[in-house]
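One structure is given below, encoded as structure tokens.
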Amino acid sequence: MDKITIPDLNGTNYFIWELKMKAALSLKRLAPLILEEKPEDLTRKDEMDWITKNSDAIAYIKLSLADEQALQFAAEDNAKVLWDKIRATYMGEGEDRKIDAGNELKNIRMKNGETVADYIARARGISTKCHSLGLDVSPRELVYHTVRGLNGKFSKVRDILKTQRGKRMDEILQILREEEATLNLPIKTRMDGINEAFYCKRKNEKQTRLCYICRKSNHLAKDCYYRSKNTLQVQAKETIRLEMDTYLQFPTEKKNLVTISGFWCILSYG
């Protein structure tokens, strides 16, 4: 690990900068210089050693500052004093930004016209921002807020996903992409607005995937037999209705013998 990369401190990334700078200084055995006061009663040899390490620590810190911050702390020649001043300057602002980032994640909402990919990327970006500010966001917490931020045409799938708490973010993304693809189909190809073309899992069967419509395994809801069966029944009823309408339009003398959906009907009048 000869190369150590530390992001420049720019006023908005203090927590991640502090984390990486501490790690770099520890790797170089310089961490005590920013955590402890200069020892007293040092021998000349120890004094020279401390001065050298103090200069090295200051150099590492100042080289990782953006131009504005570097000028602000240019006069500091003690590593611990420099570290404490930087911390005092940005810690309060960092706490405010951390609170704002946490609220942004809690209040995330899918925008009108926003794609699934863009929405998930935005949620993950907010989570990354929270981590950079020192706010821990668990994978479960990220999924929780992301699912509850779904709205509009994804409201129905949101209500279903809210009951499936064990899903990971990648699974949520896959489900939403399938739902998005179904919603983008022409309306005539959909079945009564049912768009749940994804699997569910039973609570005690981790590997069993179930169709949302019939609750049976090994097929998607969009390919479900019962969905097709319902469609055929609706089509048959519509055919009979149309034929009856046609029959009622026949002249009286021609209504004695007609066929409706393959059945001959013999009618008589008193």
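Coordinate-derived values only; no laboratory data. Computed from a predicted structure; not experimentally measured. Counting neighbours? That spans all protein chains shown, and the Cβs are built from the backbone with ideal geometry, glycine included.
Which GluC sites (Glu not before Pro) from segment 50-143 combine a DSSP loop assignment with at most 14 other Cβ atoms within 10 Å?
Glu114
Quick one: which residues, 5+ away or cross-chain, put their amide H under 5 Å from the amide H of Leu9? H built at 1.01 Å from N.
Result for Leu9 returns Leu65, Ala66.
Determine, for Ile58, Ile160, the number of other Cβ atoms within 10 Å of each Cβ, and report the residues in order from fewest to most.
Ranking Ile58, Ile160 by Cβ neighbours within 10 Å, fewest first, gives Ile160, Ile58.
With θ set to phi - 60° and the Karplus curve 6.51 cos²θ - 1.76 cosθ + 1.60, what are the ³J(HN,Hα) couplings of segment 131-144 in order, to the nearest whole Hz, using x for Gly and Pro?
4, 5, 9, x, 9, 6, 10, 6, x, 5, 5, 4, 4, 4
Run the numbers for Asn107 and Arg140: contour at 0.36 nm per residue of separation, minus the present Cα-Cα distance, in nm.
Additional length available on full extension: 10.3 nm.
When the Karplus curve 6.51 cos²θ - 1.76 cosθ + 1.60 is applied with θ = phi - 60°, which whole-Hz ³J(HN,Hα) does each residue of segment 14-20 get, with x for Gly and Pro?
Working through the residues one at a time gives 4, 5, 6, 5, 4, 4, 6 Hz.
Trp50: net charge of surrounding residues, Cβ under 15 Å, Lys/Arg +1, Asp/Glu -1, itself excluded?
-2
Compute the distance in nm between two label points, each set 7 Å from the Cα along the Cα-to-Cβ direction, one at Ala59 and one at Asn10.
2.6
Kindly rank 153-159, 107-113 from highest to lowest mean number of other beta carbons found within 10 Å of each residue.
153-159, 107-113
Can you compute the modelled spin-label distance between Ile51 and Thr163, with each label point 7 Å from Cα toward Cβ, in nm?
The answer from the label model is 7.5 nm.
Could you calculate the FRET efficiency of Leu19 with Val81 from 1/(1 + (r/R0)^6), where r is the beta carbon distance between them and R0 is 22 Å, rounded to 0.05?
With R0 = 22 Å, the Cβ-Cβ based efficiency is 0.60.
Starting from 0.36 nm per residue, how many nanometres of slack lie between Asp67 and Arg177 once their C-alpha separation is accounted for?
Computed gain between Asp67 and Arg177 is 35.2 nm.
What ³J(HN,Hα) values, in whole Hz, does the Karplus curve 6.51 cos²θ - 1.76 cosθ + 1.60 give for segment 106-119 when θ = phi - 60°, with x put for Gly and Pro?
Computed from phi, the couplings for segment 106-119 are 5, 9, 4, 9, 6, 7, 4, x, 6, 6, 4, 4, 5, 5 Hz.
Enumerate the residues in segment 32-69 having an amide nitrogen under 20 Å from the point lying 7 Å beyond the Cα of Met91 toward its Cβ.
32-38, 58, 61-62, 65, 69
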